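Peer 1: Handing you this structure, nothing more for now.
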Amino acid sequence: MKKKKVHKLVLDEVADFYLVAIASHENDYRLTWALNQNLNLKLIKIDDFTCNHPKHKLVTNYSMCKFDDEHNHLKYNLISNKSEKGFLLPDLKNIDFILRISGDIDQDSLDSLVQKLKKIDIVITAFVIQEIPDRYNKMFIF
């Protein structure tokens, strides 16, 4: 019997977003207010970000705020890195929040945003997560 030749098309999902790590000891609503005031955003609280942790086999909810900047064609999501059941990004336990930015943002604008974040008094530090591991990359596609 002749073997069948099987062709598979594999598409890699290219991330069209950036993740900015933010360390702050404040609650999500205080940080949201500070970001809105200092960065001219209009983040509002929405339903929690729900994640299935394959390692622990738990469904976990993380606080999330959202702002769609239609003028600049950008979308912002502020997601807590902590919940009662653990960390969203366990490799970054010292980070309290993740700011996901999608859309057309150039490197200079991203660097400027991070510098503005660092100047906010309740922000301890902020930095762009340069290399997003594949296991996290798929998590933030929404």
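Peer 1: Scattering from the C-alpha atoms of the range 17-140 alone, worked out with Debye: what is log10 I(q)/I(0) at q = 0.10, 0.12 1/Å?
Peer 2: With one equal scatterer per Cα and no solvent, log10 I(q)/I(0) is -0.28, -0.41.
Peer 1: Magnitude of the Cβ-charge dipole of the range 17-140, K/R +1 and D/E -1, about the Cα centre, nearest 20 debye?
Peer 2: 460 debye
Peer 1: To the nearest 0.05, what FRET efficiency results for Ile129 and Gln37 with a Förster distance of 25 Å applied to their C-beta separation?
Peer 2: 0.55
Peer 1: If packing is taken as the mean number of other Cβ atoms within 10 Å per residue, what is the order of 112-118, 67-73, 96-102, 19-25, highest first?
Peer 2: 96-102, 19-25, 112-118, 67-73
Peer 1: Between Asp47 and Asp108, what is the spin-label point distance in nm, taking each point 7 Å from the Cα along the Cα→C-beta axis?
Peer 2: Distance between label points: 4.0 nm.
Peer 1: Would you list Glu84, Glu26 from fewest to most Cβ contacts within 10 Å?
Peer 2: Fewest-to-most ranking of Glu84, Glu26: Glu84, Glu26.
Peer 1: When only Cα pairs under 8 Å and 6 or more residues apart are kept, what is the percent relative contact order across the range 50-132?
Peer 2: 19 percent
Every read-out reported here was derived from the displayed coordinates using simple, explicitly stated rules and does not represent laboratory data. Note that the structure is predicted; figures quoted are calculated from it, not measured. Because the Cβ atoms are built from the backbone with ideal geometry, glycine has one as well, and the counts that use them run over all protein chains shown.
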